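Here the structure comes first, spelled out in structure tokens, and everything after it is commentary.
The values are calculated or read from the model by the stated rules, or taken from the named source; none is laboratory data. None of these values were measured; they are calculated from a predicted model. Glycine also receives a Cβ, built like all others from the backbone with ideal geometry; neighbour counts cover every protein chain displayed. Just so you know, the surface numbers come from the protein's heavy atoms only, side chains and all, with ligands and any DNA or RNA stripped out. Shrake-Rupley method; radii C 1.70, N 1.55, O 1.52, S 1.80 Å.
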Amino acid sequence: MSRAVEATPETESLVRTLVADATGRPVRTVDRMAYGHGSVTYRVDSDGGPAVIVRTNADPDVYAGTLANLDALRSLGLPVPSVLQADLTCSRYPFAYVVTDTFPGRDLGFGLADMTPAQMSRLAEQIVGFERQVSVLPRGFGYGFMPIGAADGHGRWIDAVRADRRLILGSVDARVRGGVDRGVDGEFADLIADLRWALDRSATRLDAIEPVCFLDDLTTKNVIVHDGVLRGVVDFDVVCYGDPMYWLALTQVAVQFDVGTVGQFYVDELTRLWAPSAFELANLALYSALHAAEFLSWPDDDLIDAPNARRDRVMTAARSWLAAAV
């Protein structure tokens, strides 16, 4: 499990020094990126040169497969960043790091609402195309999240799903995050109980899933667009082996959560282009309900302590998806 780098002024200063030493140019700005989860990621602009992205993590194992993954995906024609420098030894700095070039634009979640239907359709074609390309890679040795070709993972897909969402499935008190008990309302507790039941009921169906390679996190983040046009895709420390509907479900929920109904046409286009079977549609609904519960469990005071439009929208969608899953 990764150990987070502290996003402190000291870390920012170290990143500034790192980039100045690597490029030989004075650094102008160091900006923390909004997305990143386990890694603390910065965009660094220098005088007289292009911007770079610096991803940092206290656990070098997080990046053990990153360079090979990028090479493999680039060979398939995906527009992934180039690695300019990497050090996983933690010998020079108190973290492992990977420096890449950057793409113009921002994560899709910041721009989807401003895109035209034609732009959404074109982007959906490209993203589904990437997922199709990756799906022809050799089947995995196990299920779950790992570098491409790693001999690792779970023996069953349902176990990989349960492990990925263990924080919400592990107990009814799924809203205890970071040591803060924010309470569990009855509606949310009922959703978790029903999700556990639905997963158990779907076990036989999920056991038919082969360990297909897919890019789990090409959602409202890691898809970089500029003026409605795809410029690149990023963040490939791991891929996932299992059911690609898990990716489509996460995208569907992320759009509901981050963008709302104005982005639904993009999800509709992804679904149309993938053309899921009835078997896949049932799984898509199940995973969507599961991801929705995860999003609803996040420690956001606006979502947990008071009803609001976004929470109600996602909860209603979760219930609809769950009904379609079984």
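So, Ser121, is that one open to solvent by less than 30 Å² (accessible area, probe 1.4 Å) and modelled with pLDDT of 95 or more or not? Yes: the conditions hold for Ser121.
Take the residues in segment 141-151 that are within 18 Å of Thr66 (Cα to Cα) and not in a strand (DSSP E or B), then tell me which one is least open to solvent (accessible area, probe 1.4 Å).
Among them, the one singled out is Ala150.
Which count do you get for residues in segment 193-219 that are touching a strand residue (DSSP E or B) at 6+ places or on another chain (Cβ under 7 Å) and not in a loop (DSSP other than H, G, I, E, B)? The number of residues fulfilling the criteria is 3. Only one of the numbered conditions (1) over 24 Å from Asn57 (Cα atoms); (2) in contact with a Phe, Trp or Tyr (Cβ under 6 Å, 6 or more places away or on another chain); (3) of a type outside the set (Asp, Glu) is not met by Val98, and that is (1).
At least 3 residues that are over 18 Å from the mean Cα position of the chain (by Cα) and either surrounded by 15 or more Cβ atoms within 10 Å (Cβ to Cβ) or modelled with pLDDT of 95 or more (or both) in each: list the strands (runs of 3 or more DSSP E) lying fully within segment 30-89 that qualify.
40-46, 83-87
Of all residues in segment 123-140, those satisfying the criterion of being in a helix (DSSP H, G or I), touching a helix residue (DSSP H, G or I) at 6+ places or on another chain (Cβ under 9 Å) and either in contact (Cβ under 8 Å) with a residue 12 or more places away in the chain or among the small types (Gly, Ala, Ser) (or both) are Leu123, Ala124, Glu125, Ile127, Val128, Gly129, Phe130, Glu131, Gln133, Val134. Which condition from (1) in contact with a strand residue (DSSP E or B) (Cβ under 8 Å, 6 or more places away or on another chain); (2) under 19 Å from Thr17 (Cβ atoms) is the one that Pro104 breaks? (2) is the only condition that Pro104 fails. Just wondering, is there one or more residues in segment 170-177 that are touching a Gly at 6+ places or on another chain (Cβ under 7 Å) and at pLDDT below 95? There is at least one residue in segment 170-177 that is touching a Gly at 6+ places or on another chain (Cβ under 7 Å) and at pLDDT below 95.
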